[in-house]
Amino acid sequence: MSGRDSYYITTPIYYVNDSPHIGHAYTSLACDVLARFMRLDGKDVLFLTGTDEHGQKVEKSAAAAGLDPQAFADRVSQNFRDLAKRMNFSNDDFIRTTEPRHITAAQALWDKLTEKGEITLGSYAGWYSVRDEAFYGESELVNGKAPTGADVEWVEEPSYFFKLSAWGDRLLEFYDANPDFIAPRSRRNEVVSFVKSGLRDLSVSRTSFSWGIPVLSDPKHVQYVWLDALANYITEVDYPDLASEKWRQYWPADLHMVGKDILRFHAVYWPAFLMAADLAPPKRIFAHGWWTNEGQKISKSLGNVIDPLRLIETYGLDPLRYFLLREVPFGHDGDFSHAQMIKRINTDLANDLGNLAQRVLSMINKNCGGRVPEPGPLAPADETLLAAARGLLATVRAELAEQAFHRALEAIWTVISDSNRYVDEQAPWTLRKTDQARMASVLYVLAETVRHLAILVQPVMPDSAAKLLDQLAVAADRRGFGALTPADALKPGTELPPPTGVFPRYVPQDSAA
Ligand code: MSP
């Protein structure tokens, strides 16, 4: 074991019935930023993503594409790996539910639940939505459809059941004892009232199709895809080998990030399965909101699916990463609009951060011989700005502990505005003529502030931050949060490379967007 605090974070595993879109990129991006933040903060991070490859939905999509399900899954799963690369996700592993290691783990979980008397054979008659891969009670239907609007079909088949009905009180006790388990708070309340309204036993096997993990003791049955899928989180940490180092280091997971549509599976079924198998539930589930496209629900049938690759081509990767986490308070629904995207690029990135860095670095280049200037005695305004920069880590850490990306970024941008105001007030271009020693101090304070800002924006904009840190000649091993101390401050006299702009303005072209 590493001896460092660990941080295990997961994305949902994505169905391979569809090409990756902005919603998928969003969930994983949030995890990537947290994983990068925790690594820079000295934690031993395990960041997992992957694909959910079984179930009726995938089987149907494969048939429609004229492929056998495995060949189809291979193809679509690759698209998700490609997206992860293009989005610069730093996942440590990519799991596929068709891998032998996962099949072994999911079957071991099934056997454990059976051995504990939590799974028994019965028969299911009721409504099933293939799109949601979910069972619905008659009373949940709205105008003959699932509450999500998905079509449902009547299913009657022999099925194994998990005794979910017996877990209501224990789940409620668990939520009580762990008030931060479900976030945001409004979602927590929804889950609690769902559980309080009474839980029915859950059908956990299917016999009417075969694309799934076989139940070893009764191979006509395949596991219900959600039991199979949720198990991926423990497959990764070597379940059922509870003596393994990985298990001891990383389980329980620190955070399962999910969209609001799949909260129930993660916050109700999953902890019940785990507790029933004598395993600890994860520490936290965060359910984020959904994106709409210029005010409209995103759907294939409306033809308004947003392709993240297209956005990267148009706006650049780091601006996209910044926009997605800055624009909408994390946890709320949000609307994607090109106009807003352009506004954020030109205001927050080009005008605020980009211009600050560019002004400071080019003044140093022109007036200080391209070397970090030597500061004289610091004035109160200098101390105030440096204190604000040095105080940022604690604020950002506290915000990200609650997955409040927008507030973390807001805090960073407050210091960026303070810095721009300080440049205007101190007017180093005037000092150049009147008091060069004071100009050196001002530019030093600014460069040191930009060093803090660049280190702190690394999780969100890794490439751009690296360019800024290169321009400040910050060594690769001095870019972690441990370097956010006066001991690691820029050394006067250090030669700096010639500055280049890092955040260009976006100028719309006819073909753009
Ligand atoms: N396979 C299941 C998850 C199993 S986890 C054990 C699944 N897959 S999914 O591909 O349909 O969805 C994955 C994630 O994408 C979900 O968190 C979902 O909320 C997210 N999004 C899909 N469309 C979205 C938007 N329009 N906006 C934001 N996120 C959305 O569910």
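From the square roots a ≥ b ≥ c of the eigenvalues of the alpha-carbon gyration tensor of region 188-245, which class results: rounded (a/c under 1.5), prolate (a/b over b/c), or oblate?
Numbers: a/c = 2.69, a/b = 1.18, b/c = 2.29.
Here region 188-245 falls in the oblate category.
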**OP:** For Lys467, go through the lysines and keep the ones whose alpha-carbon is under 26 Å away, minus same-chain ones fewer than eight residues off.
**Re:** Lys43, Lys85, Lys343, Lys366, Lys491
Original post:
In terms of modelled amide H atoms, which long-range or inter-chain residues lie less than 5 Å from the amide H of Ser159?
Top reply: Gly122, Ser123, Tyr124
Original post:
From the phi of every residue in region 22-32, what ³J(HN,Hα) in whole Hz does the Karplus formula 6.51 cos²θ - 1.76 cosθ + 1.60 yield, where θ is phi - 60° and glycine or proline is x?
Top reply: 4, x, 5, 4, 5, 4, 5, 4, 4, 5, 4
Original post:
Amide H to amide H under 5 Å from Leu472: which residues, 5+ apart in sequence or cross-chain, H placed 1.01 Å off N in plane?
Top reply: none
**OP:** Along Cα→Cβ, 7 Å out, is where each label goes; now give me the distance between the ones at Ala475 and Ser244 in nm to one decimal.
**Re:** 3.7
Original post:
For Asp218 and Glu99, what is the calculated FRET efficiency with R₀ set at 25 Å and r taken between the beta-carbons, to the nearest 0.05?
Top reply: 0.65
Original post:
Does region 120-259 classify as rounded, prolate or oblate by the C-alpha gyration tensor (a ≥ b ≥ c root eigenvalues; a/c under 1.5 gives rounded; else a/b over b/c gives prolate, otherwise oblate)?
Top reply: oblate
Original post:
Using the alpha-carbon centroid of each, what span in Å lies between region 41-86 and region 332-360?
Top reply: 32
Original post:
Tell me, what % of the accessible area of the chain is carbon and sulfur with a 1.4 angstrom probe?
Top reply: 51
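So which of Lys112/Lys145; Lys112/Lys297; Lys57/Lys246; Lys57/Lys220; Lys163/Lys260 end up more than 30 Å apart, counting from Cα to Cα?
On the way: Lys112/Lys145 35 Å; Lys112/Lys297 41 Å; Lys57/Lys246 32 Å; Lys57/Lys220 19 Å; Lys163/Lys260 24 Å.
Flagged as over cut-off: Lys112/Lys145; Lys112/Lys297; Lys57/Lys246.
Quick check on the chain: helices-only [θ] at 222 nm, where DSSP H runs of length 4 and up contribute -39,500 (n - 2.57) each and the sum goes over total residues. Nearest 500, please. Walk me through the numbers before you get to the answer.
Numbers: 19 runs with 229 residues, N = 513.
That comes out to -14000 deg cm²/dmol.
Report the gain in length on full extension from Asp335 to Glu402: 0.36 nm times residue separation, minus Cα-Cα distance, nm rounded to one decimal.
Details: separation 67, 0.36 × 67 = 24.12 nm, distance 2.21 nm.
Difference between extended and current length: 21.9 nm.
Rounded if a/c is under 1.5, else prolate if a/b beats b/c, else oblate: with a ≥ b ≥ c from the C-alpha gyration tensor eigenvalues square-rooted, which is region 432-513?
Details: a/c = 2.58, a/b = 1.37, b/c = 1.88.
Verdict is oblate for region 432-513.
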**OP:** Putting +1 on Lys and Arg Cβ atoms and -1 on Asp and Glu Cβ atoms, find which of Pro375, Leu113, Gly334 reaches farthest to the positive end of the dipole of the chain.
**Re:** Pro375
**OP:** For the chain, calculate the relative contact order in percent as a whole number, restricting contacts to Cα pairs under 8 Å that are 6 or more residues apart.
**Re:** 15
**OP:** Quick one: which residues, 5 or more positions from Val16 or on another chain, have an amide H under 5 Å from its amide H? H modelled 1.01 Å from N in the peptide plane, none for Pro or chain starts.
**Re:** Asp52
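Viscosity 1.002 mPa s, temperature 20 °C: give me the Stokes-Einstein translational D for region 1-134 in µm²/s, with Rh taken as the Kirkwood radius over C-alpha pairs.
Values: Rh = 16.9 Å.
D, rounded to a whole number, is 126 µm²/s.
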Subject >> Within region 256-343, trypsin sites (Lys or Arg not before Pro) in DSSP loop having at most 16 other beta-carbon neighbours inside 10 Å >> reply: Lys283, Lys300
**OP:** Convert each backbone phi in region 190-203 into a coupling constant with the Karplus relation 6.51 cos²θ - 1.76 cosθ + 1.60 (shift: θ = phi - 60°), then list the ³J(HN,Hα) values in order as whole Hz, x for Gly and Pro.
**Re:** 4, 5, 4, 6, 4, 5, 5, 6, x, 9, 9, 4, 10, 5
**OP:** Mind giving me the FRET efficiency for Glu140 and Ser2? R0 is 35 Å, r the Cβ-Cβ distance, nearest 0.05 is fine.
**Re:** 0.15
Subject >> Solvent-accessible area per residue for the chain (1.4 angstrom probe, square angstrom) >> reply: 41
Subject >> Extension gain, Lys283 back to Arg371 (0.36 nm per residue minus Cα-Cα distance, nm) >> reply: 26.9 nm
Original post:
What FRET efficiency comes out for the pair Lys196/Ser19, r = Cβ-Cβ distance, R0 = 35 Å, nearest 0.05?
Top reply: 0.35
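Translational diffusion coefficient of region 92-192 at 4 °C, 1.567 mPa s, Stokes-Einstein with Kirkwood Rh over Cα pairs, in µm²/s as a whole number.
My calculation gives 77 µm²/s for D.
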**OP:** Just subtract the alpha-carbon distance of Asp44 and Ala63 from 0.36 nm times their residue separation and send over the number in nm, one decimal.
**Re:** 2.6 nm
**OP:** Can you pull the one-decimal nm distance between simple spin-label points at Asn178 and Trp429, each 7 Å off the Cα toward Cβ?
**Re:** 5.7
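The values are calculated or read from the model by the stated rules, or taken from the named source; none is laboratory data. Fair warning: this is a prediction, and the values are worked out from it, not measured in the lab. FYI the Cβ positions are ideal-geometry reconstructions off the backbone, even for glycines, and counts take in every protein chain you see. To get the accessible areas, we keep the full protein, side chains included, count just its heavy atoms, and leave off ligands, DNA and RNA. Shrake-Rupley method; radii C 1.70, N 1.55, O 1.52, S 1.80 Å.
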